[in-house]
Amino acid sequence: MALLMKTDTDRGPWWRAEFAKTLPDLEFRIYPATGKIEEIEYALVWKPPHGLLKSLPSLRAIFSLGAGVDHVFADPQLPEGVPIVRLVDPQLTRQMTEYAVLHTLRFHRQAPGYEAQQRERVWRELPQKQTAERRIGVMGLGEIGGAVARALVGFGFEVAGWTRSPKAIDGVENFAGRDRLQAFLARSEILICVLPLTSDTIDILDARAFAAMPRGAFVINIGRGRQLVETDLLAAFMSGQIAGAALDVFRTEPLPADSPLWSHPAVTVTPHVAAMTDPRSAVQQVADNIRRIRAGQKPINIVDPRAGY
Ligand code: NDP
Ligand code: OXD
């Protein structure tokens, strides 16, 4: 029996080598080399071609190569009854936390302002808040957002998190539900989006959201590009409502060469690398679930198709 991997990267052979160490009896195939499709029991995918998963008659589980599963749900022809499993990997969570902390500290300590002054050879102190005076808002307190919020609490920031259902994390004020969104945004001087992309979160970072935030606030988007209305962000820079942004994800990836975001002085662009799935740790999560399925148990970290995450 076999696993079929579909990846956009050149890391297929690396995954193959890690699977060979962890589950040596599993035949590992890399799309488009499917071999006999009736032998494929597991799919490990990033942006699978639409219809591919449905065409696999013996499929027992679909594993996402990332924490997000929107790239799987984008396929309108998914097979019914086959569990979709997201990646929960401590190494990936750590990388996401590093990215969020890095850019939060950059904005908090005015790094863009001092970099601009350096270019002009200006020696001048900028006003500096204490961490306890800086209000950070984390959108999504799940596996990753929860870790981000806890790390920022560790620095002494005043942290709040926005979720769908109430969530208790020590030191983090929770705003749950759509009717608490405006109040959450109104107190968030640095906003970190680490939400899954669903029909509820698409375009959530728009002109209305920016207007609700304190003037001169910052935005860090490590969720998904379609959560941010890029034209609204550019307008918010123009008006001074938003002072800067660190963006790892974009509506179109790779970010088109003619996007104004590339050269905007208030923006840091990274190419969807806040976390890069590392097969050395991630293989354990997938292999454990395959062992569970073989033992007749349900895999862990199955997503809810109705919620979309
Ligand atoms: P989880 O499923 O663990 O957590 C999702 C969180 O978002 C939960 O707290 C959930 O609320 C909240 N949420 C979902 N929908 C809503 C909504 N409509 N309103 C308010 N809150 C909502 O996901 P992860 O933390 O593992 O991952 C989050 C996302 O990060 C991924 O889906 C992916 O898009 C992105 N990501 C990006 C990467 C990158 O490299 N840039 C790498 C990895 C992930 P509740 O607790 O109530 O369910
Ligand atoms: C993920 C991602 O979802 O890489 O893990 O974006």
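The values are calculated or read from the model by the stated rules, or taken from the named source; none is laboratory data. Here the structure is a predicted model, which means the values were calculated and not measured. Don't worry about glycine lacking a Cβ; one is built from the backbone with ideal geometry, like all the others, and counts go over all protein chains shown. Heavy atoms of the whole protein, side chains included, go into the accessibility calculation; ligands, DNA and RNA do not. Shrake-Rupley method; radii C 1.70, N 1.55, O 1.52, S 1.80 Å.
Could you say whether any residue in segment 131-150 is of a type in the set (G, A, S), more than 16 Å from ligand 2 (Cβ to nearest atom), open to solvent by 10 Å² or more (accessible area, probe 1.4 Å) and more than 28 Å from G66 (Cα to Cα)?
yes
Name every residue in segment 263-293 that is open to solvent by 10 Å² or more (accessible area, probe 1.4 Å), more than 16 Å from ligand 2 (Cβ to nearest atom) and either of a type in the set (A, V, I, L, M, F, W, C) or under 21 Å from G223 (Cα atoms) (or both), in order of residue number.
Matches in segment 263-293: H264, A266, V267, T268, I293.
Residues checked against (1) within 20 Å of M213 (Cβ to Cβ); (2) hydroxyl-bearing (S, T, Y); (3) more than 9 Å from ligand 1 (Cβ to nearest atom):
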| residue | (1), (2), (3) |
| --- | --- |
| A151 | no, no, yes |
| G154 | no, no, yes |
| V159 | yes, no, yes |
| R164 | no, no, no |
| D170 | no, no, yes |
| L181 | yes, no, no |
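Return the only residue of P299, P260 being open to solvent by less than 30 Å² (accessible area, probe 1.4 Å), more than 23 Å from G140 (Cα to Cα), in a loop (DSSP other than H, G, I, E, B) and touching a helix residue (DSSP H, G or I) at 6+ places or on another chain (Cβ under 9 Å).
None of the other options fit; the residue is P299.
Do you know which of the residues in segment 39-52 that are open to solvent by less than 10 Å² (accessible area, probe 1.4 Å) and in contact with a helix residue (DSSP H, G or I) (Cβ under 8 Å, 6 or more places away or on another chain) is nearest to L78 (Cα to Cα)?
Top of the filtered list is P48.
Across segment 63-121, what is the total count of residues that are away from ligand 1 (no atom under 16 Å from the Cβ) and open to solvent by 20 Å² or more (accessible area, probe 1.4 Å)?
21
Within segment 16-38, is even one residue within 16 Å of ligand 2 (Cβ to nearest atom) and open to solvent by 20 Å² or more (accessible area, probe 1.4 Å)?
Within segment 16-38 (the criterion being within 16 Å of ligand 2 (Cβ to nearest atom) and open to solvent by 20 Å² or more (accessible area, probe 1.4 Å)), the answer is no, since none of the residues qualifies.
When L3 is evaluated against the numbered criteria (1) under 15 Å from V286 (Cα atoms); (2) open to solvent by 30 Å² or more (accessible area, probe 1.4 Å), which criterion, by number, is the only one it fails?
(2) is the only condition that L3 fails.
Only one of these conditions is not met by L87: (1) within 14 Å of ligand 2 (Cβ to nearest atom); (2) part of a loop (DSSP other than H, G, I, E, B); (3) in contact with an Asp or Glu (Cβ under 6 Å, 6 or more places away or on another chain). Which number is it?
(3)
So how many residues does segment 44-63 have that are touching a residue at least 40 places away in the same chain (Cβ under 8 Å) and either of a type in the set (S, T, Y) or away from ligand 2 (no atom under 16 Å from the Cβ) (or both)?
Residues meeting the conditions: 6.
Is there any pair linking a residue in segment 1-19 that is within 20 Å of E38 (Cα to Cα) to one that is small (G, A, S) and loosely packed, with under 15 Cβ neighbours inside 10 Å, with Cβ under 8 Å and at least six apart or on different chains, and which?
M1/S58; A2/G35
Given A212, A245, which one is open to solvent by 10 Å² or more (accessible area, probe 1.4 Å) and among the hydrophobic types (A, V, I, L, M, F, W, C)?
Unique residue meeting the criteria: A212.
Given the options T198, T252, T231, name the one that is within 16 Å of ligand 2 (Cβ to nearest atom), without any contact (Cβ under 8 Å) to a residue 40 or more places away in the chain and of a type in the set (V, I, T).
That would be T252, the only listed residue that is within 16 Å of ligand 2 (Cβ to nearest atom), without any contact (Cβ under 8 Å) to a residue 40 or more places away in the chain and of a type in the set (V, I, T).
V159 - would you say it is without any contact (Cβ under 8 Å) to a residue 60 or more places away in the chain and more than 16 Å from ligand 2 (Cβ to nearest atom)?
yes
With respect to V267, determine if the residue is of a type in the set (A, V, I, L, M, F, W, C) and farther than 30 Å from F107 by Cα.
When the stated conditions are applied, V267 does not pass them.
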